[in-house]
């Protein structure tokens, strides 16, 4: 041992101190959740809103809405009641995973904003870690009395629910469709009002498009680099088309018939016929490229959410603007494998994600935070958001019916797709299952047979779920 | 000039030419994309516009973040340089038992702290110290991470500076600090300049530390603000990103040119040992 | 950990050049009359900052490596002490071993061979270029190093893109997916491009500290380039070579920038350790596991460093 013993001794002391410190900090960050009625009568209130939105950048409409509408309006309302409210807005504008890390650190240390935006899919992980608590624990009875709940469909509420308890109020939802390029369809002799009713019809259309020089017929996301986009825009909508879900009746879906059928569809797309571009699925920037190809008319069909329409090919401010979007881009519902084979015997299927806002269990002002939260989810507030250019599919039926009327795609999704859509399970291990699914699609896209990939997925899933859950196969 | 010498000159310039192309080629995109209305990953003559610059100029955080970056980088660089110069000088001149082992252990530990795994302890520590949302906190964490390497490199330079000047300075009654400042630092200048540039580079691109430790967007440095130019689906807005990249790169380039010219990596002729 | 190497045991001033006389002077060299107390005072501020902001979180991280701590989920609420399980898990994970092999190749080719050799060649050549040419060349090499990784990633994507990339346009190799067909080669070349500047700077500074009189003597004696390098330069900058190699090895083990270009793909073929740890610690949220991996990486670095030291010592004797 040539290590200076003095150093070694110090290190030991520091380590011991750290163990103590680590234990101590766990207590601070626990799901203590104060008394719902604390500070209920306070006349001086400070609240912080944390969101992954920032002026001039990511989700800037949402940021502008909070700064220009929510804060002044709510402050004025409270002033009328004799309460002096100061609202701070903590803007972020980063990758979702980085944002998640930051708010997890905040909540873990017992800090963080009073109202925090999260992706619905994080609800389970955060709840299990004790970072967030059911709304009725944080706020009390006022939660059940809110009249907004009846405007939010049960399925949409699920996005912020864990173990049958609501942890937050949904902010928005979305839905997936098949986008197609009408000009290319015309060249290939396909109808302008195309609506496939089975997977085979998708493949037939792709074969017709394959005849056009320089065109990739179909993009179904596959592989790990696209991450959750592979699962949400590829695997899961297809799985719903076989009548199965990834998690049902407290059981994870293993190498079932449906999973194998989905993987087989992938191998038809990326196999010999090359109806899709298998290399694109391996590139780190594959998804960006697929958007650019679609915008420049080199890609025939693409499964995506309303995000593509709003933020990517939008001629006004999209990242791959498509000047003639409104004339050229068509959309169709995603068909089940064959009519009636979809989830709940449906002919068409979709998948949705959702975001929401939670109240920090450590807030000093639970009642006022709840008031602010419901204000942000009032019909007036949503209308102000949409009027400010942040057209979104809101969780509220009453708002969607009116405010989205001007946008054909958005109202199509709100009216036609949301009733048939499904959501992912908001469970802590879902992200790992999702990666296993992405790996299975990657294997098939690069030549593995559907059966082998399904078997590999099954054993991967067993490793993830362990002894704590059950798997259907 | 002999044939051999001319061949040598030609060889040198051919080599320099190849290296130049290799290093310059990827940079082309940075010169075309910012001026393009709808850039892709292709290097092409732009559909010329200055709109991207205007958009950034109007952005509430973009320009300020460059200032924040300068502040954080300069602060970290200054503290690192001063503390490392003092420490490496003393370590070079006085034998402390186990100093090399200690130094190397610290060097290795610094690679943990710059990694992602240490972010939770760092965050909790800064929370306890009340340094969350303060740029000083970012500077201190970064300095702690850079110091071992800085000392490690500088000690090499201090070791190889001749002692004779110090001896004579001492004879004339100069204090240790004066000797360090007026005798040792000028001689070790190339090494100090290397450390200065290196420290700034490390800080300039660091995303994780400031992102986690700072709260208000008007205190965030450019490395964090750059990520606001992605959509909510994670796709880059290439028009703004390429433009911001260009602006983001200019200060460090200027700084390098300045350091190079002022304190540069040149021969300090005249010192004979 | 019985053979903790001490790099500066190799006297950087290069005792080989003119015998033991100088060596002795370096060792006792308290020429400024610092004395132990004042020396401690000089070292103390740096050590204080290091102790609080480096050693403290680092040791804490090592402790986390013995738990199953995660950022979210049940393991965040009630972390359990799992002892060495994280270590045995890592060592039996084929993805980790794959990553380790890739990293060793990556470090060897991009850092030890690529950056050091190119960096030295540049430093050496630049001395004898016209100042204007030299400054342009150095600046462009520096740019590759100074520009932040998040920007650099876009530059390389633009260079290597399959459809519209600059390289394919220049070579006429339309449709070559460099990042898929030659993923490891691509990130090695990328890392040489990205990191050579440091070696160049360090060697420039080192060459600048070689007394000009020695070059003069070599030239008088009619020594060629090779002989000058061997007899004058090498002995003088031996310590710098060691520092450079140690540092760039350590850094290259940690390099993360290729993630932005290949995301570790295709199929894990570029998943070097920095990327692997990032995936485990941040994407999968398994911070305990990530901490354990960091320690494994450090131990590998210790081994590599002691090999360097041995090599350098042998060559000297």
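None of the figures in this text is laboratory data; all of them are computed from the coordinates on show. Since this is a predicted model, take the numbers as computed values, not measurements. FYI the Cβ positions are ideal-geometry reconstructions off the backbone, even for glycines, and counts take in every protein chain you see.
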In angstroms, what radius of gyration and Dmax does the range B:109-218 have, counting Cα atoms only? 18.3, 55
Relative to the longest principal axis of the C-alpha atoms of chain A, give the angle of the C-alpha long axis of helix A:71-80, reported between 0 and 90° and rounded to the nearest 10°. 40 degrees
On average, how much area does the Cα convex hull of the range A:328-420 cover when viewed from any direction, in nm²? 8.6 nm²
Per-residue mean of other chain beta-carbon atoms within 10 angstrom of the beta-carbon, peptide C:236-246? 2
Report, as a whole number in µm² per second, the diffusion coefficient that Stokes-Einstein gives for the range A:169-238 at 4 °C and 1.567 mPa s using the Kirkwood radius over alpha carbon pairs. 94 µm²/s
Provide C:161, A:473 in ascending order of the number of other Cβ atoms located within 10 Å of each residue's Cβ, fewest first. A:473, C:161
Largest first and in whole Å, give the semi-axes of the range A:85-221's equivalent ellipsoid, each being the square root of 5 times a Cα gyration tensor eigenvalue. 44, 19, 14
Using the reciprocal of the averaged 1/r over all distinct C-alpha pairs, how large is the Kirkwood radius of the range B:165-261 in Å? 16.8 Å
In cubic angstrom per residue, the convex hull of the protein assembly as shown built on its Cα atoms measures 173 Å³
The range C:53-210: radius of gyration and largest Cα-Cα distance (Dmax), Å: 21.5, 65
Of the residues C:205, C:213, C:99, which exhibits the maximal mean-square fluctuation in a Gaussian network model of chain C defined by a 10 Å Cα contact cut-off? C:213
How much of the DSSP beta bridge set in the protein assembly as shown is antiparallel, as a percent to the nearest 5? 60 percent
Just rank B:187, A:359, fewest to most, by other beta-carbon atoms within 10 angstrom. B:187, A:359
Just counting partner chain Cβ atoms within 10 Å, what average do the residues of peptide A:91-100 show around their Cβ? 6
Quantify how strongly other chains surround peptide B:95-104 by giving the mean number of their Cβ atoms within 10 Å of each of its Cβ atoms. 6
Pick from C:144, C:291, C:223: which is most flexible by mean-square fluctuation in a GNM of chain C where alpha carbon atoms under 10 Å apart are linked? C:223
Reduced to Cα centres, the span from the range A:323-349 to the range A:418-471 in Å works out to 23 Å
Taking a quarter of the surface of the convex hull around the Cα atoms of the range C:198-304, what do you get in nm²? 9.1 nm²
Compute the length gained on full extension between residue B:262 and residue B:167: take 0.36 nm times their separation in residues and subtract their Cα-Cα distance, giving the result in nm to one decimal. 31.4 nm
With springs only between Cα atoms under 10 Å, which of C:60, C:251, C:69 fluctuates most in a Gaussian network model of chain C? C:60
Highest-first arrangement of A:172-182, C:110-120, where packing means the average Cβ count within 10 Å: A:172-182, C:110-120
Using just the helices of chain A, give the 222 nm mean residue ellipticity in deg cm²/dmol: DSSP H runs with n ≥ 4 each add -39,500 (n - 2.57), and the total is spread over all residues, rounded to 500. -11500 deg cm²/dmol
Which value, in Å to one decimal place, does the Kirkwood hydrodynamic radius take for chain A when every pair of different Cα atoms is included? 24.0 Å
Return, for the Cα atoms of the range B:3-48, the radius of gyration and Dmax in Å, separated by a comma. 16.9, 53
For the range B:60-263, the Cα-Cα pair-distance distribution in 5 Å bins from 0, as whole percents, is 1, 7, 14, 16, 16, 15, 12, 8, 5, 3, 2, 1, 0, 0
Using the number of other C-beta atoms within 10 angstrom as an exposure proxy, rank C:240, B:182 with the fewest first. B:182, C:240
For chain C: span of alpha carbons on each principal axis (Å, largest first): 70, 62, 34
To the nearest Å, what is the center-to-center distance of the range B:70-122 and the range A:182-230, using C-alpha atoms only? 57 Å
Gain on full stretching of the segment that runs from residue A:146 to residue A:397 - 0.36 nm per residue minus C-alpha separation: 88.8 nm
On a C-alpha basis, how far is the centre of the range B:135-199 from the centre of the range A:129-155 in Å? Whole number, if you could? 60 Å
Computed, not fitted: 222 nm per-residue ellipticity of chain C from DSSP H runs ≥ 4 (each -39500 (n - 2.57)), nearest 500, equal to -20000 deg cm²/dmol
Cα long-axis angle, helix A:430-445 against chain A (0 to 90 degrees, to the nearest 10): 20 degrees
